[in-house]
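Comments concern the structure below.
The values are calculated or read from the model by the stated rules, or taken from the named source; none is laboratory data. Small disclaimer: the values here were computed from a predicted structure and weren't measured. When we count neighbours, we look across all protein chains shown, and the Cβ atoms used for this are built from the backbone with ideal geometry, even at glycine. Accessible surface areas use protein heavy atoms only, side chains included; no ligands, DNA or RNA. Shrake-Rupley method; radii C 1.70, N 1.55, O 1.52, S 1.80 Å.
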Amino acid sequence: MNETHENSFVLHGSVIYSKNAKELCAFEDAYAVCINGISAGVFEKLPEAYRPLPVVETKGKLIMPGLVDLHIHAPQYSFRGTGMDMELLPWLNTYVFPEEAKYSDLSYAEKAYRLFTDDLRQGATARACIFATSHKEATLRLMEMLEESGLETFAGKVNMDRNVPDDYVEDTGESLKQTKEWLDAVNQAAFRRTRPILTPRFTPSCTRALMTGLAELAKEYGVPVQSHLSENPSEIEWVKKLEPDISCYADSYKQSGLMEKDIPCIMAHCVWSDDTETAMLKENNVLIAHSPESNINLCSGAAPMTKYLELGLKAGLASDVAGGSTSSMFSAIRAAIHASKLRFRLYEETVRPLTFAGAFYLATKGGGAFWGRAGSLEEGYLFDALIIDDMAIPTAREDLTVSERAERMVYLGDERQIKGKYVSGRRLF
Ligand code: GUN
Ligand code: FE
């Protein structure tokens, strides 16, 4: 073992990661080994072979995987924490569309996206799937900034050709043309960690012709897809009226060719998916982006996450800024547990609430699956890690378990306790 690569090292501290949606693996005193940006595993005694590697001594600190935000709107970061007085559809018209329309102005976009990418870099998020706006130039600029940030991301130029104000709506053919040009420009830029993702906003703002055209681009360019699904009751009613021939909301994506087994696909929300839709999501390998705080703020509801997990659906967690007020994924874990408990008590006691282990899984390994093996410190996973000074949060107790320390961090902590961050083995700070 004579690795000299700069991305090979050992972190020494208290380590926690998810085994699965039910179990955490926690070690009071352990070594997390990174070889060329990939985890070689976590060991209580450092194996002989790894002794020559540099050891980053973080004894007494908590080491956990970097968190994964599966759904966030970069241009909505500017008005986060405001405008929580409406449900989804009026909220889009009142706050979202007017703000996003401003991103035709590249200097405004640069200023706003700088704040967004700085925030994401400094926080607990290691990986994210991001909606931009319909503007090609501003989206490319966002992707350049994301590349500089060191984060691993997918970002998408938004498509929408109906039911959007005149100053923001796109013509169908022009939307497809701009998307093709954007994909070509991204290929040209040859980013290392910033990838394109096709982003039809949601069925109410995309015609079948647009979605069918995007499905062709998904196949031609080999790019994944992200959108919104079954978020709010009034949205779902509207989709039924707009698309009378569908069996469920997801079927509008399915019939367009956007929801296929071999096209990686993220659908945000899935709060109200019925049995037909749930089966379709499973059948087509869709990754659900659970966005609990947004679902509360926009009076959308609370998704049955433990039911989805038990049925074998794939799911991760999301901030959905600015439906969610904050990009903090610690806050999103908290919100997921809170929402599931209220749902359980007030709505459906057959669907159990999320445990801490379940919510932590969604925020790490669950969402990390979109990158293959990410969101864990197990052997073979891309090495994303946070070094956290959780004991800076005062307590007289000296006998806290590592799981309790992680839970306390989620409930009481914030980004100030993050003392180090690695993404694919690269140290960001
Ligand atoms: N559905 C369509 N667009 C949006 C959006 O920007 N945010 C949320 N939460 N839902 C949407
Ligand atoms: Fe969203």
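So if I restrict to the alpha-carbon atoms in region 128-280, what is the Rg, and what is Dmax, the biggest pairwise distance, in Å?
Spelled out, the Cα radius of gyration and Dmax of region 128-280 are 15.2, 45 Å.
Could you work out the relative contact order of the chain, using alpha carbon pairs under 8 angstrom and six or more residues apart, expressed as a whole percent?
Here the relative contact order equals 21 percent.
Would you mind getting the Kirkwood hydrodynamic radius of region 84-162 from its Cα pairs, rounded to one decimal in Å?
After inverting the mean inverse Cα-Cα distance, the result is 13.4 Å.
Antiparallel as a % of all DSSP beta bridges within the chain, to the nearest 5?
So the antiparallel bridges in the chain amount to around 40 percent.
Quick one: net charge of Pro204's neighbours, Cβ under 15 Å, K/R +1, D/E -1?
-3
What is the distance in Å between the Cα centres of region 137-167 and region 248-262?
Value for the Cα centre distance between the two parts: 23 Å.
Could you give the alpha-carbon Rg of region 333-429 over 2.2 N^0.38 Å, rounded to two decimals?
That works out to 1.24 for region 333-429.
Output the Cα-based Rg and Dmax of region 385-429 in Å, rounding Rg to one decimal and Dmax to a whole number.
11.6, 36
Quick check: at a probe of 1.4 Å, how many percent of the accessible area of region 368-429 sits on carbon and sulfur atoms?
Summing carbon and sulfur atoms, their accessible area is 48 percent of the total for region 368-429.
Any chance you could look up the accessible area of Phe79 with a 1.4 Å probe, heavy atoms only, rounded to 10 Å²?
It works out to around 20 Å².
Would you work out the Kirkwood radius for region 1-62? I mean one over the mean of 1/r across all pairs of different Cα atoms, in Å.
Across region 1-62, the inverse of the average 1/r is 12.1 Å.
Tally Lys and Arg at +1 and Asp and Glu at -1 over the other residues with C-beta under 9 Å from the C-beta of Lys307: what net charge comes out?
Net charge in that neighbourhood comes out at -1.
How large is the direction-averaged shadow of the alpha-carbon convex hull of region 28-85, in nm²?
One quarter of the hull surface, i.e. the mean projection, equals 7.3 nm².
Pairs of alpha-carbon atoms within less than 8 angstrom and 6+ residues apart define the contacts here; what relative contact order does region 140-237 have, in percent?
Averaging sequence separation for qualifying contacts and normalising by length gives 32 percent for region 140-237.
Relative contact order of region 108-167, please, whole-number percent, based on alpha carbon pairs below 8 angstrom and at least 6 residues apart.
40 percent
Do any trypsin sites (Lys or Arg not before Pro) in region 243-321 lie in a DSSP loop with no more than 10 other beta carbon atoms within 10 Å, and if so, which?
Lys261
Given Ala359, Phe383, Tyr108, which one lies farthest toward the positive end of the charge dipole of the chain, if we put +1 on the Cβ of every Lys and Arg and -1 on the Cβ of every Asp and Glu?
Working it through, the farthest residue towards the positive pole turns out to be Phe383.
Residue farthest toward the positive end of the dipole of region 39-148, with Cβ of Lys/Arg at +1 and Asp/Glu at -1: which of Val55, Thr117, Pro90?
It is Val55.
Could you give the accessible area per residue of the chain, probe 1.4 Å, as a whole number in Å²?
For the chain, the solvent-accessible area averages 38 Å² per residue.
If you wrap a convex hull around the alpha carbons of the chain, what volume per residue comes out, as a whole number of Å³?
Spelled out: Cα convex hull of the chain, divided by residues, is 137 Å³.
If you keep only loop residues by DSSP, which trypsin sites (Lys or Arg not before Pro) in region 129-225 have at most 11 other Cβ atoms within 10 Å of their Cβ?
Arg192
Give Lys45/Lys419; Lys157/Lys180; Lys102/Lys157; Lys254/Lys307; Lys177/Lys219; Lys282/Lys365 a once-over and call out the pairs whose C-alpha atoms are over 20 Å from each other.
Lys45/Lys419; Lys254/Lys307, as the Cα separations exceed 20 Å there.
State the percentage of accessible surface on region 1-137 attributable to carbon and sulfur atoms; use a 1.4 Å probe and exclude ligands, DNA and RNA.
49 percent
Could the peptides 116-124, 283-291, 182-190 be put in order, highest first, of the mean number of other beta-carbon atoms found within 10 Å of their residues?
283-291, 116-124, 182-190
Measure out, as a whole number of angstrom, how far apart the alpha-carbon centroids of region 363-396 and region 266-336 sit.
Here the answer is 20 Å between Cα centres.
Applying a 10 Å radius around every beta-carbon, put 299-306, 39-46 in order of their mean neighbour count, most first.
So the peptides 299-306, 39-46, ranked by packing, come out 299-306, 39-46.
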